[in-house]
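Student: Sharing a structure here in structure tokens format.
The values are calculated or read from the model by the stated rules, or taken from the named source; none is laboratory data. Quantities reported herein were computed from a predicted structural model and do not represent experimental measurements. Using ideal geometry, Cβ is built from the backbone for each residue, glycine included, and neighbour counts are taken over all protein chains shown. For the accessible areas, the whole protein counts, side chains as well, though only heavy atoms, and no ligand, DNA or RNA atoms are used. Shrake-Rupley method; radii C 1.70, N 1.55, O 1.52, S 1.80 Å.
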Amino acid sequence: MKVDEIRDKFLKFFEGRGHMIYPSDSLVPRNDPTLLFTGAGMNQFKEEFMGRVKGPRRAATCQKCLRTGDLDNVGKTPDHHTFFEMLGNFSFGDYFKKEAIAWAWEFLTKELGLKESDLWVSVYKDDEEAYRIWKEDINIPAGRIANLGEKDNFWPASAPSEGPNGPCGPCSEIFYGGLDGVEVWNLVFTQFDRKDGGRLDPLPNKNIDTGMGLERIAKVMQGKRTNFEIDSFGHLIASIKDMLAGGAGDYEKINAIADHIRAVTFAVGDGVLPSNEDRGYVIRKLIRRAFWYGKSLGLDKPFLYKLVPVVAAAMKKQYPELTGQREDISQVVLAEEKRFRNTIEEGLSKLKEMMDSCSGAIAGKDAFKLYDTYGFPIELTREIANAGKVKVDIEGFEECMEAQRAKSRASSKIKGSIFDIKGDVEIKLPEETVFMEDKEEITTEILKVSGDSVFLKETNFYGEKGGQVGDIGVLIKDGKIAAEVVNAIDIAGRVQHEIRPKGVELEAGDKITVRIDIKRREAIKKNHTATHLLHNALRTVLGEHVKQAGSLVAPDRLRFDFTHFKGLTDEELERVEGIVNKNIKDDATVDIKELTVSEAKKQGAIALFGEKYGERVRMVAVGDYSKELCGGTHVGRTGNIKLFKIISESSIAGGVRRIEAITSDAALSKVREEKDALTRIAAELNTAPRNVLKEVNVLTGKLKKLEKGLEAIKDRFAQSNIEGLLKGIKSINGFSALAAKIENADMEILRKSADIIKRKIGQKGAFVLVSEKEGKISMLVGAGPPLDAVKILNDIGSGFGIKGGGRPDFAQAGAKAGIDIKKLLKKAEEVIEAETR
């Protein structure tokens, strides 16, 4: 039975038992900044599990998941993955243990046809109800029911004794082939609310949360030894083997490559791009690990990007969107492979030096340097080091990482626990806040005050989300300003107002007046609508492969990140800016309407790269130029924006560009500023503004002539010193050797001299040139095989505080003046003598 058939059977089975079938959530959890990635089917139902059920009380999904907790085991064991699919059925205060257990058993034995005698179960040792259902209702012999402790059969693991506080409960697992066989299904009975001291209070509404790994059950159904042999991996594994010489290789590494490229393909498809923090770092780490495995199997050139279409083809029935994204994803992967390939050799050389020079363990600060400078994930450093019987100081590395993380921690919202919500508002948040967008001032009621956060029944404050910053303003009570609102944040549809109190007490039930900073809001609206126009203009100029990869809409500027694989030319930037300003000049209407996702897409609306939407969406149509799904605030007509001006264009990641721009009065001020600067430059050049470029070209021509003359002087300088230098060549152990000082020469003159000396000395030799000029020491070493110029240079410099780098045939370094050059040259001869023995 193939993977697609198992998935379909599961969803149809539970649909027939009253479950609403939901599509998989994005790997980036929607409206939940507490999670790094979606790691379970229940993640998208956080609201329902917390008691706020608005839709059906029964649900079933096939959820794409990404976990990295078992990364080191991926490829080495039969069934560990980073990316996998999880089948799950859920009850939010509806059915409970009896139905969950009975349906799981029915599906496995009737729908899939597994033999009852091959199935074993485990239950939490104190869960007498579950034990009784399995033994008496399902008729499983007591010998095939295991009673296990809270570490194995409670969710979260060990929650009764160790926490965390919050919803929890016992679970029951189903195994194929014995308790040491394949764990195929986990049934979680969320029935308790853990309190301080380990007290377990019954929840008013008991929930069911089940999870069955699709790859694992497919392995069982297809009679395979590992998950990597099932049909959804078949073409992928074959494609990797086809790339290898002879079509064979280390199966553990091949399996790991297959796993990692699946994870990367789905994550990039959901909008996660390689970077050095949070989710982006995980994806960068997976690409680099997979590339390293490929390199160790003989694949020296980028190859992972070629596997993206293979993944898309294998998964197209359930995830057809990958087919349309595969070229974009491939380019992102290729760019990251190239970036790592450009640094890997030098990084490996540094790692080898560390391994050779350390006393059995690489220092944490050195491992961090490999990560920070050469892009080596610590896991890769550890893996290579361990292969050479060398340990890595992980604790020291983490200390360095922590110092770096501290700089960005304030801006990161990822916490870790699915029920981790800011402050003490857990499970007690009010219902969704009514947003009154077009009002500068409203009267409303306080629903909850939590520390420096306030929740209101209605609000005119836009809560930060979708790239748009939150509003600021004031809360007024009894005619007095009770608090400044310094930010507003959207948390799952509820607006949390972060306040700075002004000495007036606020409490639930108060009637207050709420006023936003309307001038700031208007500026934000202009920038947000301009962002939509910019997106449209980029797709017009560059092509429809351009997709939004991130944005910031603030009152003073806008920032737009998009997928494109090379920098924009000046001409392209001018065209983009021109299209946006023409759209502004047209003074087109901005129409906002609410409709279903399918209706919006039929009308041509763009859904953002990797974004997850509810059943009904808000479509923003700007004239006939742009239609996007968007929840932000916008101007009524494009003419309100006045002017759009691009400030910068740059690269922020492989295959991702960034444009920063300003609008309205800020753009007009920038234009005036640039005009004033041009006028001042013209005056300095004693010409009219229209002739500035002509005058600059004249000056550039003169400068090039001067530079050419200077180059000729340097050549003559180098040549004039050569005859005297060559007289100092000595024969040391059969090698030609020279150690000399060149007076008043910079590094460029040293290089020119080195080229001439290298030709004179030949391959079997080594030379060291040193100069002091303008308070700096320049040092250059050349060597022929088997000598290593880098080693010679650093051995010479070790007693003088000089350290450099380069290639085996050529190395250089610099240092502050004050070194005794005579002693340095004497040391040079000693080192060459030692190296040529």
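Student: On a C-alpha basis, how far is the centre of the range 224-281 from the centre of the range 90-106 in Å? Whole number, if you could?
Tutor: 35 Å
Student: Restricting to DSSP H runs of at least four residues, report the calculated mean residue ellipticity at 222 nm for the chain, -39500 (n - 2.57) per run over all residues, nearest 500 deg cm²/dmol.
Tutor: Helices in the chain give a 222 nm mean residue ellipticity of -12500 deg cm²/dmol.
Student: Specify which labelled value, from [x] -0.25, -0.92; [y] -0.40, -0.91; [z] -0.22, -0.83, agrees with log10 I(q)/I(0) by the Debye sum over Cα atoms at q = 0.04, 0.08 Å⁻¹ derived from the coordinates of the model shown.
Tutor: After the calculation, the listed value that fits is [x].
Student: Kirkwood hydrodynamic radius (Cα pairs, Å) of the range 191-302?
Tutor: 17.1 Å
Student: Cα centroids of the range 761-833 and the range 356-376: how far apart, whole angstrom?
Tutor: Centre-to-centre (Cα) distance: 25 Å.
Student: Taking θ = phi - 60°, what integer Hz values does the Karplus form 6.51 cos²θ - 1.76 cosθ + 1.60 yield along the range 364-369, in sequence order, with x for Gly and Pro?
Tutor: x, 5, 6, 4, 5, 4
Student: Moving to a separate point now. Subtract the Cα-Cα distance of Ile821 and Lys741 from 0.36 nm times their separation in residues, and report this length gain in nm to one decimal.
Tutor: Details: separation 80, 0.36 × 80 = 28.80 nm, distance 0.78 nm.
Net length gain for the segment: 28.0 nm.
Student: What does the charge add up to near Ala523, with Lys and Arg as +1, Asp and Glu as -1, over the other residues with Cβ less than 9 Å from its Cβ?
Tutor: Around Ala523, the surrounding residues sum to +2.
Student: To continue, here is another question. For the range 518-526, in order, what is each residue's ³J(HN,Hα) by Karplus, 6.51 cos²θ - 1.76 cosθ + 1.60 with θ = phi - 60°, in whole Hz (x at glycine and Pro)?
Tutor: These are the phi-based 3J(HN,Hα) values: 5, 5, 5, 4, 4, 5, 5, 4, 4 Hz.
Student: Using a basic spin-label model with each label point 7 Å from the Cα along Cα→Cβ, how many nm lie between Ala142 and Arg520?
Tutor: Result for the modelled spin labels: 6.9 nm.
Student: Taking the highest mean first, how do the peptides 115-126, 549-560, 342-353 order by number of other beta carbon atoms within 10 angstrom per residue? The partial results should precede the final answer.
Tutor: Values: 115-126: 17.9, 549-560: 19.5, 342-353: 15.7.
Descending mean neighbour count gives 549-560, 115-126, 342-353.
Student: If I model a spin label at Ile756 and Asp586 as a point 7 Å from the Cα along the Cα→Cβ vector, what separation in nanometres do I get?
Tutor: 6.7 nm
Student: Let me ask you something else. Could you please report the charge total around His564, scoring K, R as +1 and D, E as -1 over all other residues with beta-carbon less than 11 angstrom from its beta-carbon?
Tutor: Here the count lands on +1.
Student: Given Lys76/Lys206; Lys741/Lys803; Lys352/Lys822, which pairs have Cα atoms separated by over 28 Å?
Tutor: Lys76/Lys206; Lys352/Lys822
Student: Which far-off residues, 5 or more places away or on another chain, put their amide H under 5 Å from the one on Phe154, with H placed in the peptide plane?
Tutor: Cys171
Student: Any idea how far the Cα center of the range 613-655 sits from the one of the range 143-163, in Å?
Tutor: A separation of 50 Å, based on Cα centres.
Student: Please calculate the 1.4 Å probe accessible area of Arg539, with all protein chains present, and give it to the nearest 10 Å².
Tutor: 50 Å²
Student: Counting only protein heavy atoms and a 1.4 Å probe, tell me what percentage of the chain's accessible area is made up of carbon and sulfur.
Tutor: Heavy-atom surface of the chain belonging to carbon and sulfur, 1.4 Å probe: 48 percent.
Student: Let me cross-check Arg339: its accessible surface, 1.4 Å probe, with only protein heavy atoms counted, in Å² to the nearest 10?
Tutor: For Arg339, solvent-accessible area is about 80 Å².
Student: Hey, can you grab everything whose amide H is under 5 Å from the amide H of Trp185? Only 5+ residues off in sequence or another chain; H modelled, so Pro and N-termini drop out.
Tutor: Ile174
Student: Please report the accessible area of Glu835 (heavy atoms, 1.4 Å probe, ligands and nucleic acids excluded) in Å², nearest 10.
Tutor: Its heavy atoms expose roughly 60 Å² to the probe.
Student: Regarding the range 430-565, what's the average projected area of the Cα-atom convex hull, expressed in nm²?
Tutor: 9.0 nm²
Student: Ok, one more. Counting Lys and Arg as +1 and Asp and Glu as -1, each charge on the Cβ, what is the dipole of the chain about the Cα centre in debye, to the nearest 20? Mind showing how you got there, number by number?
Tutor: On the way: 130 positive and 129 negative charges, 588 e Å.
Its charge dipole is roughly 2820 debye.
Student: Need one word for the range 780-837: rounded, prolate or oblate. Basis is the Cα gyration tensor (sqrt eigenvalues a ≥ b ≥ c); a/c below 1.5 gives rounded, then a/b vs b/c decides.
Tutor: oblate
Student: Before I look further, what does the chain give for accessible area per residue, probe 1.4 Å, in whole square angstrom?
Tutor: On a per-residue basis, the chain sits at 46 Å².
Student: Report ³J(HN,Hα) in whole Hz for each residue of the range 648-653, in order, from the Karplus equation J = 6.51 cos²θ - 1.76 cosθ + 1.60 where θ = phi - 60°; Gly and Pro get x.
Tutor: My calculation for the range 648-653 gives 7, 9, 7, 9, 10, 6 Hz in order.
Student: Taking the Cβ of Ala621 as the centre, find all other residues whose Cβ is under 9 Å away and add up their charges (Lys, Arg: +1; Asp, Glu: -1).
Tutor: -1
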